[in-house]
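Student: Let me give you the structure first, and then I'll get to my questions.
The values are calculated or read from the model by the stated rules, or taken from the named source; none is laboratory data. Not measured: the values here are computed from a predicted model. All Cβ positions, even for glycine, are placed from backbone atoms using ideal geometry, and neighbour counts span all protein chains on display.
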Amino acid sequence: MKRLYLLLTLCACCLVNNAWAQNRNIYIWDVTASMIGKGTTESGEKTPNVYDDVEGYLINDIQRVANAYTEIVVIPFQEGVLSDYILTVPNSTDESKQEIIDRIKEVGPKCLKLSHRRTNISEPLLFAKSKYQKPDKENKIVLLTDGYQNMNGGMEALAEAVNSWDRQAEECDFLVYVLTTKNAIKPTDDLENGDYVPVDHFVDQIERLLVKPTPEVSFNIKDNKSIAIYFKNNSSISLPVDAKIRVKSEVDAPIVIDEVVELVNGQIQLSPNYDYATLKHQLAEREQMRLNLSVENNDILVKEQKKKLIIVPNYSQVTLINKKERVLTISIVE
């Protein structure tokens with residue numbers, strides 16, 4: 001009689017879905033008189049004519065949309081939303097992008113002829129949030145304005161609108177607030193789900209690459225191996241060379257991680273240090289730990305490569321597993 005023992009190790013594997021979900025790009029476009037040099041600043045100076053640059057930024061950003069499943073919405077505004085001039089296309093094929101660009105060039109001058117000198121930025125932002133920012137897509141809002149609200153509560157109302165958007169944004173919603181003049185005012189401090197574009201970078205057309213980290217990974221503390229976090233890129237543009245990602249665990253996390261690692265081939269590798277003999281008595285069989293992610297050297301990437309890396313959402317969950325791998329023994333008896 002012969003006995004053959006076949007040992008099968010049952011391992012969990014994580015499949016990474018490389019498809020980036022359908023997107024919606026929402027452009028909120030300031031077409032007030034101040035954009036063509038017919039307004040005044042707080043100090044009484046005449047506003048610069050930035051209309052051509054702003055229209056150029058808008059058009060170039062649309063042209064760079066790489067995901068053909070991206071819906072595009074353009075919302076012109078002055079004292080409020082100019083509802084009759086809202087532009088939309090359901091996707092970003094070359095034909096659709098050219099169609100909406102042609103309409104932008106036609107609609108822009110018509111809006112400017114309305115000659116509204118007062119600016120209400122908060123209303124179109126809240127309008128976009130209410131009507132177009134839906135959970136069925138990943139929403140990117142691009143707000144193109146000289147940044148000064150002079151009606152309906154002024155800058156305080158604008159700050160509250162931006163903060164309100166930021167608080168309620170879904171994980172993959174993102175706001176690009178384009179400051180189109182040197183005297184433009186940031187309505188709030190840094191945005192958790194957004195980014196300010198200063199005027200000196202505005203002309204350079206810096207690429208902003210949104211990357212999405214693996215939402216959840218597993219790590220068996222007995223294996224003492226590395227943790228791999230993958231990033232999905234929502235653009236056909238390659239990720240920056242030499243990008244460095246800071247990974248930091250939250251306070252009171254079971255394993256302390258605070259290190260800077262290079263992004264290589266769309267992923268980062270972590271090799272955490274911990275005392276297994278002690279930790280195995282402190283953890284349950286499965287326990288979650290959040291790792292916060294940020295780009296350490298974006299200033300250098302912007303200066304040298306004209307690319308800025310934005311991690312949305314800016315964290316990944318790690319499930320710590322505290323148990324031996326299960327082994328299934330199959331005996332074949334003759």
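Student: Among what's in the range 60-71 and is surrounded by 16 or more Cβ atoms within 10 Å (Cβ to Cβ) and closer than 20 Å to F202 by Cβ, pick the residue that is modelled with the lowest pLDDT.
Tutor: Ranking the candidates gives V65 first.
Student: Moving to a separate point now. Step by step: first the residues of the range 120-164, then only those that are under 11 Å from G80 (Cβ atoms) and at pLDDT 90 or above, then the one that is surrounded by the most Cβ atoms within 10 Å (Cβ to Cβ). Which residue is that?
Tutor: Looking at the filtered set, the residue picked out is I121.
Student: Which number in (1) without any contact (Cβ under 8 Å) to a residue 12 or more places away in the chain; (2) within 16 Å of the chain's Cα centre (by Cα) marks the one condition that L175 misses?
Tutor: It is condition (1) that L175 fails.
Student: Considering only the range 193-220, state which residues are without any contact (Cβ under 8 Å) to a residue 24 or more places away in the chain and part of a strand (DSSP E or B).
Tutor: Once the filter is applied, which keeps residues that are without any contact (Cβ under 8 Å) to a residue 24 or more places away in the chain and part of a strand (DSSP E or B), the range 193-220 yields Y196, V197.
Student: Now, a different point. Do we have V81 as closer than 25 Å to L158 by Cβ, modelled with pLDDT under 95, more than 19 Å from the chain's Cα centre (by Cα) and assigned by TED's automatic domain parsing to the domain that holds G108 here?
Tutor: No; evaluated as a whole, the condition is false for this residue.
Student: For the range 236-248, state whether one or more residues are in contact (Cβ under 8 Å) with a residue 60 or more places away in the chain, hydroxyl-bearing (S, T, Y), more than 20 Å from L209 (Cα to Cα) and not in a helix (DSSP H, G or I).
Tutor: No, because not a single residue in the range 236-248 is in contact (Cβ under 8 Å) with a residue 60 or more places away in the chain, hydroxyl-bearing (S, T, Y), more than 20 Å from L209 (Cα to Cα) and not in a helix (DSSP H, G or I).
Student: Is it fair to say K232 is surrounded by 14 or more Cβ atoms within 10 Å (Cβ to Cβ), touching a residue at least 60 places away in the same chain (Cβ under 8 Å) and basic (K, R)?
Tutor: So K232 fits the description; yes.
Student: Which is free of Cβ contacts under 8 Å to residues at least 12 places away in the same chain, under 30 Å from A277 (Cβ atoms) and among the charged types (D, E, K, R), of D223, D190?
Tutor: Testing whether each residue is free of Cβ contacts under 8 Å to residues at least 12 places away in the same chain, under 30 Å from A277 (Cβ atoms) and among the charged types (D, E, K, R) leaves just D223.
Student: Of K186, K134, K182, K140, which residue is outside the structural domain of D299 (by TED's automatic domain parsing) and not in a loop (DSSP other than H, G, I, E, B)?
Tutor: K140
Student: Filter the range 144-158 down to the residues that are assigned to a helix (DSSP H, G or I) and out of contact with any Leu (no Cβ under 9 Å at 6 or more places or on another chain) and list them by number.
Tutor: Listed by number, the residues that qualify are G154, M155, E156, A157.
Student: Residues to consider are E99, E106, E79, E95; find the one that is within 30 Å of N150 (Cα to Cα), part of a helix (DSSP H, G or I) and out of contact with any helix residue (DSSP H, G or I) (no Cβ under 8 Å at 6 or more places or on another chain).
Tutor: E106
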